[in-house]
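Each remark here refers to the structure printed beneath this line.
The values are calculated or read from the model by the stated rules, or taken from the named source; none is laboratory data. Values in this document were obtained by computation on a predicted structure and should not be read as measured data. Methodologically, a virtual Cβ is constructed for each residue, glycine included, from the backbone with ideal geometry; neighbour enumeration extends over all protein chains shown. Surface areas here come from the heavy atoms of the whole protein model, side chains and all, with no ligands, DNA or RNA. Shrake-Rupley method; radii C 1.70, N 1.55, O 1.52, S 1.80 Å.
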Amino acid sequence: MAKILGGITTSHIPAVGNAIQKELYDDPYWKPFFDGYPKVHQWIKDTKPDYVINIYNDHGLGFFLDRMPTFAIGAAHEYRNEDEGWGLPSLDPFPGAPELSWHIIESMVSDEFDITSCQELAVDHGFVVPMQLFWPGAPNNPDMPRAVPISANTVQHPIPTLKRALDFGKALGKALRSFPEDAKIVILGTGGLSHQLDGERAGFINKEFDQYCLENIVSNPEELTKITRMELVEKAGAQGTEFLMWMMMRGALGDNVTEITRNYHIPISNTAAGTLLLECAA
Ligand code: DHB
Ligand code: FE
């Protein structure tokens, strides 16, 4: 049976893709952000995941306002990346793992989660930037595992509740552990932490709330389900709702996790950048 190695969170800010392209790792603006990654790289090197579940929120490339799935799971052989207007070069397609995708979809629908299954899906910066951060050179890094993208709606209200996101993660964890292959799986939760890109509060960041979320996502994620969606928008910013991806990731890990590394840096572009690596008990 498959095993979940752990979960990793990261912000997915498009400007990071630009900084990677320009190799700004030691630039004074970027260094405190990129310093959060070497420990994660070492862990990935040591644990060698066979599959990556990339939980991200599409920003209007794969889905638009006319058709907005609450939860979508990729079931394709590959996922193409396209220009979404951030001026980033489009990357080569990312290899998928349809056999694992369909296993997850079967299991989750049996557990009464209504999934949109996607046999074709273009992936945006929410998916791609984290892959580049964790597997430098992606998708042309030979160690990069095949991927299953999972997207949740944070674009058009109503968005899922924090409880639903955590419950989704729990059902995902059950699905992954029942995959009949002796495989090692890592789960990404991308996006966040606090940020708002538009309106009167553009540039809004809430360090205190971010620290509260960081503390509780490790040891007491249930506590975070008390936060209403309205409160989440209020306290984390309109785009800080991307924290739902962290909740989905966390639910899949189970109760027994060890924090391996954490980094928090403000701001990168308009966002509070949070990186967290949680390892599951053996
Ligand atoms: C930024 C952050 C995001 O999460 C995003 O999707 C796009 C831009 C930013 O801070 O620039
Ligand atoms: Fe985003």
- Message: For segment 118-161, what does the accessible surface come to per residue with a 1.4 Å probe? Please give it in Å².
- Response: 33
- For Glu78, list long-range residues whose amide hydrogen, built 1.01 Å from N in the peptide plane, is under 5 Å from its own amide hydrogen. Gly96
- Given only helices, namely DSSP H runs of n ≥ 4 each adding -39500 (n - 2.57), what is the per-residue ellipticity at 222 nm of the chain, to the nearest 500 deg cm²/dmol? -10000 deg cm²/dmol
- Largest first, how would Asp50, Asp182, Asp35, Asp143 line up by accessible area (1.4 Å probe)? Asp182, Asp143, Asp35, Asp50
- Note on the structure: Ordering Asp255, Asp198, Asp124 by the accessible surface of their heavy atoms, 1.4 Å probe, largest first, yields Asp255, Asp198, Asp124
- Note on the structure: GluC sites (Glu not before Pro) in segment 37-92 lying in a DSSP loop, each with at most 16 other Cβ atoms within 10 Å of its Cβ, come to Glu82
- Note on the structure: Here segment 187-196 yields Karplus 3J(HN,Hα) values (6.51, -1.76, 1.60; θ = phi - 60°; whole Hz; Gly and Pro given as x) of 10, 9, x, 10, x, x, 6, 5, 5, 9
- Report Leu91's accessible area, 1.4 Å probe, all protein chains in place, as a number in Å² to the nearest 10. 40
- Note on the structure: The distance between the Cα centres of segment 117-196 and segment 221-258, in whole Å, is 15
- Note on the structure: By accessible area (1.4 Å), largest first, Ser269, Ser219 order as Ser219, Ser269
- Which of the chymotrypsin sites (Phe, Trp or Tyr not before Pro) found in segment 187-282 are loop residues per DSSP with 11 or fewer other Cβ atoms within 10 Å of their Cβ? none
- Item | Table column - 3J(HN,Hα) (Hz), segment 245-254, Karplus curve with 6.51, -1.76, 1.60, x for Gly and Pro | 5, 5, 5, 4, 4, 4, x, 6, 7, x
- Share of accessible surface on carbon and sulfur in segment 1-76, whole %, 1.4 Å probe and ligands ignored, is 54
- Of the listed pairs Lys22/Lys45; Lys170/Lys226; Lys3/Lys170; Lys3/Lys45; Lys3/Lys174; Lys207/Lys235, which have alpha-carbon separations greater than 20 Å here? Lys22/Lys45
- Query: Taking the Cα centre of the chain as the origin, how large is its charge dipole in debye, to the nearest 20, when only Lys and Arg (+1) and Asp and Glu (-1) carry charge on their Cβ atoms?
  - Reply: 460
- Would you please name the trypsin sites (Lys or Arg not before Pro) within segment 7-45 that are DSSP coil residues with at most 10 other C-beta atoms within 10 Å of their C-beta? Lys22
- Item | From phi via Karplus (6.51, -1.76, 1.60), per-residue ³J(HN,Hα) for segment 220-237 in Hz, x at Gly/Pro | 8, x, 4, 4, 6, 6, 6, 6, 7, 5, 4, 4, 4, 4, 5, 8, 9, x
- Write down the Å³ per residue value for the convex hull defined by the alpha carbon atoms of the chain. 118
